[in-house]
1. Pick from Pro25, Pro267, Pro149: which is most flexible by mean-square fluctuation in a GNM of the chain where alpha carbon atoms under 10 Å apart are linked?
2. Amide H of Leu200: which non-local residues (sequence gap of 5 or more, or other chain) have their own amide H closer than 5 Å, using H built in the peptide plane?
3. Which whole number of Å³ per residue matches the convex hull of the alpha-carbon atoms in the stretch 215-288?
4. For a protection proxy built on the mean count of beta-carbon atoms within 10 angstrom, sort 165-173, 329-337, 76-84 highest first, please.
5. What span do the alpha-carbon atoms of the stretch 177-304 cover on each of the three principal axes, reported in whole Å from largest to smallest?
6. Among Cys193, Thr31, Asn134, whose Cα lies farthest out toward the positive end of the dipole of the chain, if unit charges sit on the beta carbon of Lys, Arg (+1) and Asp, Glu (-1)?
7. Among all helices in the chain defined by DSSP H, which have a length of 24 Å or more along the axis from Cα atoms plus a Kyte-Doolittle mean of at least -0.5?
8. Please work out whether the stretch 129-379 counts as rounded, prolate or oblate from its C-alpha gyration tensor, where a ≥ b ≥ c are the square roots of the eigenvalues and a/c under 1.5 means rounded, while otherwise a/b larger than b/c means prolate and anything else oblate?
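Every read-out reported here was derived from the displayed coordinates using simple, explicitly stated rules and does not represent laboratory data. Because the structure is predicted, anything quoted here is derived from the model rather than measured. Virtual Cβ from ideal backbone geometry, glycine too; neighbours counted across all protein chains shown.
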Amino acid sequence: MIRRDLANAIKDNLLYFPIVTITGPRQSGKTTLIRDMFSGLPYFSLENPDTKALAMSDPSAFLSQHKEGMVLDEVQNTPAILSYLQGIVDECPERKYILSGSSQFSLQSNITQSLAGRTAVLELLPLSLQELPNHTPDTDQLIYSGFYPAIHAEKNIPRLFYPAYVRTYLERDVRNLLNVQDIYQFQTFLKLCAGRLGSLFNASELSNEVGVSVNTIRSWLSILQASYIIFMLHPYSENTRKRLTKTPKIYFYDTGLACYLLGIDNPQQLQTDRMRGRLFENMVIADVMKRYTNKGKTPELMFYRDSNGNEIDLLVPTGSSLEGYEIKSSATYNPTFETGFGRITESLKSRLVRRAVIYNGTQERRNAPIEVLHFSSLLNPVV
């Protein structure tokens with residue numbers, strides 16, 4: 001089993017809450033983690049039809065049958081029992097309940113209504129660089145394989161894993177949540193999102209290409225976000241006369257899935273693919289996000305871009321200050337990589353406590369006004 005960094009945050013939160021809820025994409029390792037951590041608690045999967053029927057027929061009896069508590073997996077399938085769980089933990093706070101679910105959209109709304117103040121909500125994303133059992137120096141292989149545990153622990157082949165993932169999980173979830181009739185249009189939308197990875201999101205443009213309304217595009221986008229397929233990186237804003245962009249960028253939680261949707265069949269193809277730079281950038285930004293979620297924190301990452309096209313790829317808040325990172329997929333350092341730091345607003349410059357170029361080369365420059373770091377340096381946590 002691969003050790004998961006989120007385990008420490010789960011233990012810490014159980015000291016203060018009777019319930020810990022773990023969300024995240026399907027196949028991110030939630031079930032494996034909670035069954036290993038809480039092997040002493042009875043385990044129930046609410047995707048099992050018989051278990052679901054039992055839980056729904058008499059929720060109070062089902063939840064009270066074990067005095068020590070229980071592990072409830074895929075709890076989004078039985079949202080009605082959460083209100084009963086509220087009463088049980090109020091009466092018996094010594095009981096511990098571990099909940100997991102794969103749909104942020106339905107799970108979060110029901111938890112907010114029923115379990116506010118009684119549960120911590122943590123996110124388990126695919127593996128971070130730090131969690132990889134065998135960190136490979138082959139960057140293209142990392143990008144292509146992605147970071148789902150099954151790829152690394154069970155030696156699944158990416159070209160077989162990701163098509164099955166889309167058919168078995170993603171398309172099923174979309175049908176359940178949105179009742180999509182034309183799955184081909186949704187598949188087209190998915191692939192177009194992958195093609196725009198690292199770019200400013202334009203719903204109207206996608207609407208024209210897919211042949212559906214802008215509202216439909218936004219609805220599909222919300223489901224992809226709730227299912228932990230994509231995330232949006234929002235722009236930095238400040239009170240200044242210099243006009244800054246208000247449009248977010250689109251990224252994937254996992255580069256392996258993005259590669260599949262882009263039609264990239266092997267890591268060698270990445271060497272000449274036009275999307276390699278954006279996929280590398282996506283890998284780095286997603287890994288920074290995982291460092292926050294693995295500590296039970298909510299990442300508030302941003303990028304900078306003004307109306308003149310001046311840009312900083314990633315801004316990371318550190319209290320009232322910011323760290324700025326330019327991300328380059330090249331293995332050879334070039335001084336022009338630092339140009340963006342000289343073209344930002346004065347108010348942003350005053351907030352930047354760290355400037356660094358993250359790239360694919362081995363030569364590093366630390367403790368300098370502008371640092372130069374290999375992307376594996378992200379293994380060293382900074383949050």
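1. Answer for the Gaussian network model of the chain: Pro267.
2. Answer set, sorted by chain and number: none.
3. Value for the stretch 215-288: 136 Å³ per residue.
4. The densest-packed peptide leads the list: 76-84, 165-173, 329-337.
5. Principal extents (largest minus smallest coordinate, Cα): 43, 37, 31 Å.
6. Cys193
7. Values: long enough: 276-293 (25 Å, -0.29).
Helices meeting the criterion: 276-293.
8. Working: a/c = 1.89, a/b = 1.28, b/c = 1.48.
Because a/c hits 1.5 or more and a/b fails to exceed b/c, the stretch 129-379 counts as oblate.
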